[in-house]
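Take a look at the structure below.
The values are calculated or read from the model by the stated rules, or taken from the named source; none is laboratory data. None of these values were measured; they are calculated from a predicted model. Methodologically, a virtual Cβ is constructed for each residue, glycine included, from the backbone with ideal geometry; neighbour enumeration extends over all protein chains shown. Accessible surface areas use protein heavy atoms only, side chains included; no ligands, DNA or RNA. Shrake-Rupley method; radii C 1.70, N 1.55, O 1.52, S 1.80 Å.
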Amino acid sequence: MTALLSIRDLSVRYRRDGVEVQALKGIGLGVLAGERLAIIGESGSGKSTLALAVAGLLARGARIDGTIDWQASQFQTPRSVTPPSVLPDISPARGEIGSSVGGPPSATWEIGESGDDGLISPLAGEMSGRTEGGAKDRQRLPPTNNTPVSGRDIGFVFQDPSSSLDPVMPVGKQIAEVARTHLDLNWQAANAKSKTLLDRVRLPEATLHAYPHQLSGGQKQRVAIAAAIAAGPRLLIADEATSALDTIVQAEIVSLIRRLVAEDGMTLLFISHDIALAATLADRIAVLRHGELIELGETRQIVEAPRHAYTRALLDAHLGLDAKPLLDRQGASA
Amino acid sequence: MSVLAVSNLAKRYRRGGEPFAAVDDVSFEIEQAETLALAGPSGSGKSTIARLVLRLIGPDAGRIDFEGHDFLALSGAALRARRARLQMVFQDPLAAFNPRATVARVLDDPLRMHNIASRTERPRHIAALLQRVGLDAGLAARAIHEISGGQRQRVAIARAIATRPSLIVLDEAVSALDVSVRGQILELLLDLQRQERIAYLFISHDLGVIRAIAHRVVILDAGRVAESGDARTVIANPQSAIGKALVAATPRLIRNRP
Ligand SMILES: Nc1ncnc2c1ncn2[C@@H]1O[C@H](COP(=O)(O)OP(=O)(O)OP(=O)(O)O)[C@@H](O)[C@H]1O
Ligand SMILES: [Mg+2]
């Protein structure tokens, strides 16, 4: 398999209350075209930072070193490039558009070693929020012809679907706007596309006219996924996309993601704190700890023969349906 | 005699103008030093039951007996005294506090409100409570925003045990914790249960966690009890449709164990 993107020596630092926090330290990682790669780690390990860095959605002010190289050939199809200011107010860009209109983006573009490859090298400055949970306060890179555009080449699904959905717009229209913007469709074609997408995420047609508050958490996440794949992205990033859902809905969303990724031949970055859940979906698993990539391997190897003690500890901490109950270990009983 | 007996509990809300039962004819008992888990999908009524038991909301029907007393009939000083024996720990239990409040302050409240220790005795009590939950007594001076999630959950448990309760209601108390920390908190809960004979009403959507810590489980579906019984027996061989769906949806980690 060829690499869809290669991440080299990626470091990200935030400033939080005047203190510098190193969120990622020298990450090197190749993501293969068509693979399902899980990034797992505990809180603060840098998972979301990595996902946002890949999507070019890091918070305004994160300091980034290193490179994320895209295989330019994957993105060669000439398409009309939409300036950020007229992008639809929807996942994952919703929220940062207004804030980027005020002044010219202070992006500095690094030149990579790999010649013509489109590079992402996010901005320098100051950080204004937490990394998890929402699309607010993200910085957006100025799109160029060979740089992947978030929303078009990369679909992003957040933990909280409400953060990427507009509360006062029918969901059908929100999905249509993504299609219209990135695929250059007229409204009629975009609405038809929206209908097809709702069907693909197994929501009834009537959902077209529903507002987000009328939907359950699982239904909202289906809408967010429909919007994320509307433009036919090569890469789908799901950042803790099932963590706020109950077990049954979580399993449904995971199978939905599995099916859509297979049908469209997408590459998947599945970010999760749950190694067991990640193992049900991923071809490979990358384990992050304190901002460092400590182990990367085929799912089977990671689960059956972890090389790193920390990976083993994560596996041991999993409370499965076959684990020996803590109650027994302690010899306690009522 | 059971610590808690809930009989035919019902709570109705309105949804889109239509009344519906969030909790519908629910009955269960919890014995001393026993953990009863409530499981079920989102919206099945778990938290509503917790709020009813804690008397944060009132039921439309049913009865709650706590330590042999008709809990819903209590008021005034009798209610206050009984309330000290019934505590709670939620997912982010210190969220209600000013983040600048110190750990000592958080633990001082219950000691003062329930007249457990005089002003001069309280610092010693607080130090003992912190040690009881595996924390350094020096943590007392720290602000709650300065301590980790696992430490915060330990402080919440210390606060809950300060009044020597017979029952603690835990609603998704370990759900937001990292797995490594989660194991330690579960061990702490078991340890406290063995030593102090505390009963737990343990709410979780995670059957793996329930299986690890609970003696018995009640599985809820749309406000009703779908099935109940010994936690491991029910999870190994669920009979209800919702029980089967919950078990089937739980991710499995297939490992080669030596
Ligand atoms: N104050 C309220 N007003 C109206 N409806 C309510 C209220 N509180 C709860 N409900 C409804 O009651 C039902 C049960 O909710 P509850 O919070 O008890 O579920 P739960 O099992 O705790 O779910 P979760 O796993 O998502 O925490 C849901 O349909 C919920 O929307
Ligand atoms: Mg609840």
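Summing +1 for each Lys or Arg and -1 for each Asp or Glu among the other residues whose beta-carbon sits under 10 angstrom from that of A:ARG234 gives -1. Computed with a 1.4 Å probe over protein heavy atoms only, the accessible surface of the range B:93-164 comes to 51 Å² per residue.
Computed with a 1.4 Å probe on the full set of protein chains, the accessible area for B:HIS114 sits at about 60 Å². Measuring only protein heavy atoms, the 1.4 Å probe finds A:ASP283 accessible over about 60 Å². Residues of the range A:235-255 whose accessible area (probe 1.4 Å, heavy atoms of protein chains only) drops by at least 50 Å² once all protein chains are present, relative to their chain alone: A:ASP246, A:THR247, A:ILE248. Mean projected area of the Cα convex hull of the range A:134-283, taken over all directions, amounts to 9.0 nm².
Taking a threshold of 19 Å on the Cα-Cα distance, which of the pairs A:LYS25/A:LYS47; B:LYS11/B:LYS244; A:LYS173/A:LYS220; B:LYS11/B:LYS46 fall above it? The partial results should precede the final answer.
Details: A:LYS25/A:LYS47 12 Å; B:LYS11/B:LYS244 26 Å; A:LYS173/A:LYS220 14 Å; B:LYS11/B:LYS46 12 Å.
From the list (A:LYS25/A:LYS47; B:LYS11/B:LYS244; A:LYS173/A:LYS220; B:LYS11/B:LYS46), the Cα-Cα distance tops 19 Å for B:LYS11/B:LYS244.
Rg(Cα) of the range B:93-164 divided by 2.2 N^0.38 Å?
Values: Rg = 10.9 Å, N = 72, 2.2 N^0.38 = 11.2 Å.
So the Cα radius of gyration is 0.97 times the expected 2.2 N^0.38 Å.
The C-alpha atoms of the protein assembly as shown occupy a region whose extents along the principal axes are 76, 54, 52 Å, arranged from largest to smallest.
Report the normalised scattering of the range B:1-119 as log10 I(q)/I(0) at q = 0.13, 0.16, 0.21, 0.23 Å⁻¹, calculated by the Debye formula with identical scatterers on the alpha carbons. Debye intensities relative to I(0), on a log10 scale: -0.65, -0.93, -1.28, -1.37.
Near B:LEU74, once Lys and Arg are set to +1 and Asp and Glu to -1 for all other residues with Cβ below 10 Å from its Cβ, the sum equals +3. The residues of the range B:194-221 listed by number as losing at least 30 Å² of accessible area in the complex, against the isolated chain and with a 1.4 Å probe, are B:ARG194, B:HIS205, B:GLY208, B:ARG211, B:ALA212, B:HIS215. With both labels modelled 7 Å from their Cα along Cα-to-Cβ, the A:SER216 to A:THR196 distance reads 2.9 nm.
Here's how it looks for A:ALA38: its modeled amide H is under 5 Å from those of A:PHE270, A:ASP283, A:ARG284, A:ILE285, A:ALA286, which are all 5 or more places away or on a different chain. Applied to the range A:214-225, the Karplus parametrisation 6.51 cos²θ - 1.76 cosθ + 1.60 on θ = phi - 60° returns per-residue 3J(HN,Hα) values of 8, 10, 6, x, x, 5, 4, 5, 4, 4, 4, 5 Hz, with x for Gly and Pro.
The P(r) of chain B has a tail past 34 Å containing 19 percent of all C-alpha pairs. Association of chains A and B removes close to 3300 square angstrom of accessible area from solvent, both sides included, for a probe radius of 1.4 Å.
Relative to the present Cα-Cα distance, how much length would full extension add between B:ARG124 and B:ASN98 at 0.36 nm per residue of separation? Could the numbers behind the result be given before it?
Values: separation 26, 0.36 × 26 = 9.36 nm, distance 2.34 nm.
Stretched fully, the B:ARG124-B:ASN98 segment lengthens by 7.0 nm.
Calculate what fraction, in whole %, of the accessible area of the protein assembly as shown sits on carbon and sulfur atoms when a 1.4 Å probe is rolled over the protein chains. Answer for the protein assembly as shown: carbon and sulfur cover 48 percent of the accessible area.
Let me check I've understood the local charge: for B:GLU196, count other residues with C-beta under 14 angstrom from its C-beta, Lys and Arg +1, Asp and Glu -1. What total comes out?
Counting the neighbours of B:GLU196, the net charge comes to +3.
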